[in-house]
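Notes follow once the structure below has been shown.
The values are calculated or read from the model by the stated rules, or taken from the named source; none is laboratory data. Quantities reported herein were computed from a predicted structural model and do not represent experimental measurements. Counting neighbours? That spans all protein chains shown, and the Cβs are built from the backbone with ideal geometry, glycine included.
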Amino acid sequence: MREPVHQAQRKVWRNGALSDGARLIPEETALALTYNGGTYAVMMGTPEDLGDFAVGFSLSEGVVQSAEEIETLDIVELDDGIELRMWLKSEKAERLAERRRHIAGPTGCGLCGIDSIAEAVRPAAIVPAGRAFTPREIMAAVATVPPLQEINHQTRAVHAAAFWTKTGGIVALREDVGRHNALDKLAGALARDKVATSEGMVLLTSRVSVEMVQKTAAIGAPLLVAVSAPTALAVKMADAAGITLAAIARSDGFEIFTHPERVAGALAGKEPAYVVVA
């Protein structure tokens with residue numbers, strides 16, 4: 001199987017001098033997702049945790065409702081990419097045949113090939129109330145992500161999506177050159193391990209677009225925390241889905257854009273005040 005990190009030779013111009021050397025860079029590979037013999041999507045991504053990616057993509061796309069609906073999953077390496085071959089239970093296969101579409105997706109593309117505006121902004125799943133979190137818990141969760149980003153430590157070029165719970169800390173963390181892929185991989189890992197997603201928060205090292213909210217809603221997490229800002233549509237979608245969206249998370253705090261009631265103590269002044277956006 002292809003390695004997720006590649007060593008590239010390069011020349012460096014620094015301080016007025018030229019030198020030779022090598023740098024570790026992330027691999028980028030064509031990943032074809034097929035169901036019952038037909039190609040559904042081709043995405044570009046990092047060849048790591050591909051079983052999780054296949055399951056998570058299937059869930060977030062609505063191809064299946066649970067990991068158990070995928071009867072078999074084979075990862076097949078080809079000359080020009082990797083094929084994730086899945087076979088679905090018969091009733092799911094029949095429904096998929098009616099809606100099959102082909103997507104060619106560049107790195108990090110979450111809406112490639114969607115053929116209608118309604119599909120692009122489809123309502124996200126409504127997330128159950130779940131548990132509340134204190135500001136200190138959110139800050140602690142955010143701080144635990146960078147040390148666990150193994151591929152990013154080597155390359156400084158990949159995104160991460162992680163899931164944190166009060167009792168388990170970081171339960172799962174996945175990396176990819178595409179932020180959507182990283183979140184799909186996380187979704188697959190949580191589904192395969194049957195993690196109770198209402199008890200934790202999703203953490204992102206990227207900005208928050210509407211697709212990231214839709215995927216978080218499909219996971220069922222009540223809180224989404226990101227280091228970068230959200231788009232306006234992402235805020236609207238998170239509000240409608242019942243997700244607490246916190247973003248621009250830094251070492252000194254974060255900003256809450258939707259459903260601040262889940263951040264226990266922050267509004268009552270029991271912990272250091274953070275910016276709250278209504």
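Pairs needed: first member in the stretch 71-83, closer than 14 Å to VAL42 by Cβ; second member anywhere, modelled with pLDDT under 95 and exposed (fewer than 12 other Cβ atoms within 10 Å of the Cβ); C-beta distance under 8 Å; at least 6 residues apart or different chains. Listed pairs, sorted by first residue: ILE82/MET1.
Is it true that some residue in the stretch 179-202 is in contact with a strand residue (DSSP E or B) (Cβ under 8 Å, 6 or more places away or on another chain), part of a helix (DSSP H, G or I) and more than 21 Å from GLU61 (Cβ to Cβ)? Checked the stretch 179-202: at least one residue is in contact with a strand residue (DSSP E or B) (Cβ under 8 Å, 6 or more places away or on another chain), part of a helix (DSSP H, G or I) and more than 21 Å from GLU61 (Cβ to Cβ).
When the residues of the stretch 216-260 are filtered to those that are assigned to a helix (DSSP H, G or I), without any contact (Cβ under 8 Å) to a residue 24 or more places away in the chain and among the hydrophobic types (A, V, I, L, M, F, W, C), the one that is surrounded by the most Cβ atoms within 10 Å (Cβ to Cβ) is VAL235. Within the stretch 152-167, the set of residues being in a loop (DSSP other than H, G, I, E, B) and farther than 14 Å from ALA221 by Cβ comprises ARG156, ALA157, VAL158, THR167. When the residues of the stretch 29-81 are narrowed to those that are of a type in the set (A, V, I, L, M) and touching a Ser or Thr at 6+ places or on another chain (Cβ under 6 Å), which ends up nearest to GLY220 (Cα to Cα)? Ranking the candidates gives VAL64 first.
Within the stretch 136-151, not a single residue is assigned to a helix (DSSP H, G or I) and within 23 Å of GLN65 (Cα to Cα).
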